[in-house]
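The values are calculated or read from the model by the stated rules, or taken from the named source; none is laboratory data. No experiment lies behind these values; they were computed from the predicted model shown. All Cβ positions, even for glycine, are placed from backbone atoms using ideal geometry, and neighbour counts span all protein chains on display.
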Amino acid sequence: MPIGGSDKPEKKLISVVIPAWNEIEVIDELARRLTDLMDRQPTYNFEIIIVENGSWDDSWDRLREIHNRDRRFKNVQLSRNFMADGGVMAGLNMASGDAAVVMNADLQDPPELVDCFIEKWEEGFEIIYGVIERRKGEPRAKVLASNLYYKFVHWITGGAIPKNVSDFRLIDRKVYLAVNHMREHNRFTRGLSIWSGFRQTGITFVRPPRFAGESKAPFSDLFEEACNGIVAYSHLPL
């Protein structure tokens, strides 16, 4: 060992990428629970990349305050709303971690599940995605529509995209670098990472209701995302 060296291995870095659009009501709680996550995992370093996706509320000012208190929170501000997948891709292009966690800002993706993702990652899995077992606090019509959509996408893609798979996931550095180099214009991030073919597994979880406020995504954005998922990963429409 070189003189002055250390026998302690360097800590792995985990990037957490979160698109946020008009989420002023949840940002403080999100930061608190992410800080708890980092405190629970002292053997890792973290960077929290929150992508402010063209909000018109005070989200950006609050994110700057959090960054000034804790420099592990690194913020990116986009010029307009590029939808959730656009925000995710902006964050992944900024990431430098050995792995990246992708999650939503509304706390329907519980940060506590990241502990399980890390455990599976250390077992050798390169993609660990959350599978929604049950949805709390959502209207029955929305739950039914979501279930039907995911069953349809699972069928039309020949099982390539698992049923009830969410955007909430941990992906190894080699995976997100591969995704970053893909020249897709209409991004469907959960499909791109799964399609990449790396070793993957799912963890089921009960999706809680939003911590505060209402969903900001208009129906048109959800419909466009659904169409991208269907058209990009199946030959059947042709």
ask   = Residues in the range 175-185: is at least one modelled with pLDDT under 65 and either buried (at least 16 other Cβ atoms within 10 Å of the Cβ) or not in a strand (DSSP E or B) (or both)?
value = yes
inquiry  = Looking only at the range 42-57, how many residues end up being assigned to a loop (DSSP other than H, G, I, E, B) and under 19 Å from the mean Cα position of the chain (by Cα)?
reply    = 3
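May I ask you to say which residue of 73, 125 is at pLDDT 95 or above, under 17 Å from residue 17 (Cβ atoms) and crowded, with 16+ Cβ neighbours inside 10 Å?
73
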query = Taking the stated definitions as given, is residue 151 assigned to a helix (DSSP H, G or I) and modelled with pLDDT of 80 or more?
reply = no
inquiry  = Could you tell me how many of the residues in the range 42-70 are surrounded by fewer than 18 Cβ atoms within 10 Å (Cβ to Cβ), closer than 27 Å to residue 175 by Cα and in contact (Cβ under 8 Å) with a residue 24 or more places away in the chain?
reply    = 3
